[in-house]
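Asker: Can you read through this structure? Questions will come right after.
The values are calculated or read from the model by the stated rules, or taken from the named source; none is laboratory data. Computed from a predicted structure; not experimentally measured. All Cβ positions, glycine included, derive from the backbone under ideal geometry; neighbour counts span all protein chains shown.
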Amino acid sequence: MENTIEIRNVTKRFGDFTAVNDLTLNVPKGSIYGFIGPNGSGKTTTLRMLMNIIFQDSGEINIFGEKYRQSFKDRIGYLPEERGLYKSMKVGELLHFFGKLKNGKNIRSESVRWLKKLGLEDWKDEKIETLSKGMGQKVQFIASVVTNPELVILDEPFSGLDPVNRDAMKDAVLELKESGKTVIFSTHDMDIAEKMCDYVFMIYKGKKVLDGTLDSIKDIYGTDIIRVITGGGMQVLKEVQNEVKGIENINDYGHIQEVRIEKNCDPQDVLKSLVAKTQVMKFEISKPSLHDIFVRIAKPVADHVGEVQNAG
Amino acid sequence: MRDKIKTITVREYKATVRTKTFLISMILVPVMMFAGIIIMKLFEDNVDTTDKNITIIDRSGIVAERLVAIAEERNKSEVFEKKDNGELKKVKPNYLFHIVQPDDENPDKQRYELSEKVRKKQIFSFVEIGKNVLHPQPAEDGSDFSSVIRYYAEGAALDDIRRWLGNPLNNELRQLRMKEAGIDPAQVTELMRWVSVNGMGLYSIDLATGEYIEARESSEGEAILAPMAMMMIMFILSILGAQPLLNSTMEEKSQKISEVILGSCSTFDFMMGKILGGVGASLSAALVYVGGGVIALRYMGRSDLIPLELIPWFFAYATLLITMMGAIMAALGSTCSTAKEAQSLAFPGMLPMVVPMMIWFMIVREPLSNFSVIASLIPPLTPMLMLLRQSTPYHIPAWQPWTGLIGVILFTLFSVWASARIFRIGILSSGKAPKLGTIIKWIFRND
């Protein structure tokens, strides 16, 4: 498989702080790659290194199969984490400026197409300062894709958007993939990452802790989650936890509870104990969600921290 | 020019010249700068014509009455001016002198009482003529009160009356001394007749016809106003084109626009685009100022005052100064995250423009002195000071402007290089503004 990005043993330090530690990662062409990780884990630093805005202290980054060249910036669309637009410029004027800065072709027609797609066609001649935050974010997104780049890097593209705009942004990202672009985005929204990404990469304290397809990552963690809805709720589950050995953790969501069991624990024992105590409306054995996996790594209770779960 | 630099330059230029601040500054700054001169010109005839009562204490007893008579003559001849329609207009105040007897027993008491009268506006001032003014000699009590004339007023240093008094009093004393010596005063006046020295420029030759071109009389305008105007324009251009880069860079950094731009181009392209946009804005203003100046002087029939040979130097130095200042301002702006931080760096960043403003008069007065030569060859100061020297009537040796120009070119290149080194780190840094030592380290850091 052809890779759009190849990162080899890249390390970046800021003084004594190691922001990215010996990172190796391949991003296949035409895929959607999700970067996840807690705040300050090194996601943005990695993305900035990919954009050649900051430089790695050691290691190698290849893009489009070659060492980085300044001209590659014209082939990469970039949406930074913190949005920055000239407030006094008009929307159309600003998109034209950013398009020209990347030596783009057909900037005007592409601007109009994207503005229409994201419901902003009536705002073309308005100043940026008159836009809402969500609108500004969509304009910033258009600025990053208006030149039809081969690789699109989006740092937190969904943050701060309402559900309608979020869907619009999701559709736009999927359209990029359909047209053969490689898309990398960072997010804190595990639901989005789980539903949209072909590959997920998680960085924690500068180190890669997860990398691969969602299924392969989930396979590592096994089928250790039981979702239950019972008449007795949390109180009964606590009694079951005392009776059945191997219940590691119970996560209470109010109407539903998630029980995490150890490998040696039989789910049938849990079910038997529950049925003996209360009415069971739902009992589902499943793999952990990406959210669960993220929390397990970022809020460590066991020995997962620092382990590289390479499932790729 | 690389396309990306050009794109940023065009945006920066438009963003600068389209602002109300630029348009207003372009008009207001020169108006304010020259307002003092204009106001002085407009109000030079607007003097206080209220009559002035002056008390004389004549301890010599020989000049007071004569002074009163001379003042009356002055009041008759100088106070009123005949207008075109025949009406008389009062253009100066009457000087009304009143003699009082000296209090020899308690002179300080008399001085105090008269001072109080001045404070209460009962009189304007008083004059004390020493006992021995006719033949000045050291006083017995050790003071020199007896051999001088003292003028007491609230604003004695700048008072027109004090300046006026010197002539009639000394003339009278000279006349008295001549009489004592048996010399005819009329004869002495003829012997002592004063011939003025007219300040002229230099003769030149018309190369086409071979005819000599007569020297022109030197004017204050040529000697001081023309150089000052040149320097002021340079200063204004820097204010318009270079200084705004400090705030705009800081804003681009704090509003995270810089990261978006750096996703499309290198830090050097970004910085150069900004600087060239500033240079463009300044040169647009320069064209307006210089063009306006040329048209105005032609209209006034003073085309001879247009320093045509200096215009290429002016544009060369202006371009270099604004590039240099722009680079410094952009670099400093990249280290700031707040308007307050930018404000605190504005003054040190402006030093290459502020220092010439502080020493310009010394340079204009003696443009060929060692001090002037050395100061004008210090690269950051060269654009303003060399041009200042070149615009005086003096002939500046040709090697000096050329050496200065080479120095400025080299220093400008160094400024751009050093600023780019600071800019590439500063623009992405966050937190507190770095200290000067850290900024210098950034220039020489290898990575």
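Asker: Scan segment B:407-425 for residues that are surrounded by fewer than 21 Cβ atoms within 10 Å (Cβ to Cβ) and under 17 Å from B:Met384 (Cβ atoms) and jot them down.
Answerer: Scanning segment B:407-425 gives B:Gly407, B:Ile409, B:Phe411.
Asker: Then there is this: How many residues are within 14 Å of chain A (Cβ to nearest Cβ) and β-branched (Val, Ile, Thr) if we restrict to segment B:392-447?
Answerer: 3
Asker: Further question: Which one of these is at pLDDT 90 or above, closer than 26 Å to B:Asn171 by Cβ and over 41 Å from the mean Cα position of the chain (by Cα): B:Glu113, B:Glu65, B:Glu73?
Answerer: Unique residue meeting the criteria: B:Glu65.
Asker: Where residues in segment A:1-36 are in contact with a Ser or Thr (Cβ under 8 Å, 6 or more places away or on another chain) and outside any strand (DSSP E or B), which of them is surrounded by the most Cβ atoms within 10 Å (Cβ to Cβ)?
Answerer: In this case the residue turns out to be A:Ser31.
Asker: Only one of A:Asp57, A:Asp122 is within 14 Å of chain B (Cβ to nearest Cβ) and among the acidic types (Asp, Glu); which?
Answerer: After applying the criteria, what remains is A:Asp57.
Asker: Which of (1) crowded, with 17+ Cβ neighbours inside 10 Å; (2) outside any helix (DSSP H, G or I); (3) of a type outside the set (S, T, N, Q) is the odd one out, the single condition B:Leu368 does not satisfy?
Answerer: (1)
Asker: In segment B:77-113, what count of residues is obtained for those that are closer than 15 Å to B:Trp164 by Cβ and either in contact with a Leu (Cβ under 8 Å, 6 or more places away or on another chain) or part of a helix (DSSP H, G or I) (or both)?
Answerer: 3
Asker: Related question: What residue, among those in segment B:266-296 that are within 14 Å of chain A (Cβ to nearest Cβ) and modelled with pLDDT under 90, is farthest from the chain's Cα centre (by Cα)?
Answerer: B:Ser266
Asker: Which one is nearest to B:Glu12 (Cα to Cα), of the residues in segment A:60-76 that are in a loop (DSSP other than H, G, I, E, B) and within 12 Å of chain B (Cβ to nearest Cβ)?
Answerer: Looking at the filtered set, the residue picked out is A:Arg69.
Asker: Determine whether segment A:48-63 contains at least one residue that is surrounded by fewer than 19 Cβ atoms within 10 Å (Cβ to Cβ), within 23 Å of B:Arg2 (Cα to Cα) and at pLDDT 90 or above.
Answerer: So far as segment A:48-63 goes, no, none of its residues is surrounded by fewer than 19 Cβ atoms within 10 Å (Cβ to Cβ), within 23 Å of B:Arg2 (Cα to Cα) and at pLDDT 90 or above.
Asker: Residues that are under 20 Å from A:Ile192 (Cα atoms), more than 8 Å from chain B (Cβ to nearest Cβ) and in contact with a Ser or Thr (Cβ under 7 Å, 6 or more places away or on another chain): does segment A:80-92 have at least one?
Answerer: Yes, segment A:80-92 contains a residue that is under 20 Å from A:Ile192 (Cα atoms), more than 8 Å from chain B (Cβ to nearest Cβ) and in contact with a Ser or Thr (Cβ under 7 Å, 6 or more places away or on another chain).
Asker: Just to be sure I understand, how many residues within segment A:105-145 are surrounded by 21 or more Cβ atoms within 10 Å (Cβ to Cβ) and small (Gly, Ala, Ser)?
Answerer: 3
Asker: Looking only at strands (runs of 3 or more DSSP E) that fall completely inside segment A:202-283, which ones have 1 or more residues that are in contact with a Phe, Trp or Tyr (Cβ under 6 Å, 6 or more places away or on another chain) and in the same structural domain as A:Thr45 (by TED's automatic domain parsing)?
Answerer: A:207-212
Asker: OK, next. Any idea how many residues of segment B:249-265 are free of Cβ contacts under 8 Å to residues at least 40 places away in the same chain and at the interface with another protein chain (Cβ under 7 Å from one of its Cβ atoms)?
Answerer: Result for segment B:249-265: 5.
Asker: If I filter segment A:150-164 for residues that are more than 11 Å from chain B (Cβ to nearest Cβ) and either without any contact (Cβ under 8 Å) to a residue 24 or more places away in the chain or among the basic types (Lys, Arg) (or both), do I get at least one hit?
Answerer: yes
Asker: Also, quick follow-up: Can you name every residue in segment B:266-295 that is surrounded by fewer than 22 Cβ atoms within 10 Å (Cβ to Cβ), of a type in the set (Val, Ile, Thr), in contact (Cβ under 8 Å) with a residue 40 or more places away in the chain and within 21 Å of B:Ala318 (Cα to Cα)?
Answerer: B:Val288, B:Val290
Asker: Looking at segment B:180-191, can you tell me whether even one residue there is surrounded by 15 or more Cβ atoms within 10 Å (Cβ to Cβ), polar (S, T, N, Q) and more than 18 Å from B:Arg66 (Cβ to Cβ)?
Answerer: Checking segment B:180-191: not a single residue is surrounded by 15 or more Cβ atoms within 10 Å (Cβ to Cβ), polar (S, T, N, Q) and more than 18 Å from B:Arg66 (Cβ to Cβ).
Asker: What's the total number of residues in segment A:186-217 that are of a type in the set (Lys, Arg), buried (at least 21 other Cβ atoms within 10 Å of the Cβ) and over 19 Å from A:Asn26 (Cβ atoms)?
Answerer: 0
Asker: Could we say that A:Tyr199 is of a type in the set (Phe, Trp, Tyr) and touching a helix residue (DSSP H, G or I) at 6+ places or on another chain (Cβ under 9 Å) here?
Answerer: Considered against the rule, which asks whether it is of a type in the set (Phe, Trp, Tyr) and touching a helix residue (DSSP H, G or I) at 6+ places or on another chain (Cβ under 9 Å), A:Tyr199 comes out as yes.
Asker: Name the one entry in B:Leu202, B:Leu237, B:Leu246 that is modelled with pLDDT under 85 and either more than 14 Å from chain A (Cβ to nearest Cβ) or out of contact with any Cys (no Cβ under 8 Å at 6 or more places or on another chain) (or both).
Answerer: From the options B:Leu202, B:Leu237, B:Leu246, the qualifying one is B:Leu202.
Asker: Among B:Pro307, B:Pro312, which is modelled with pLDDT under 85 and either in the same structural domain as B:Thr412 (by TED's automatic domain parsing) or of a type in the set (Lys, Arg) (or both)?
Answerer: Going through B:Pro307, B:Pro312 in turn, the sole match is B:Pro307.
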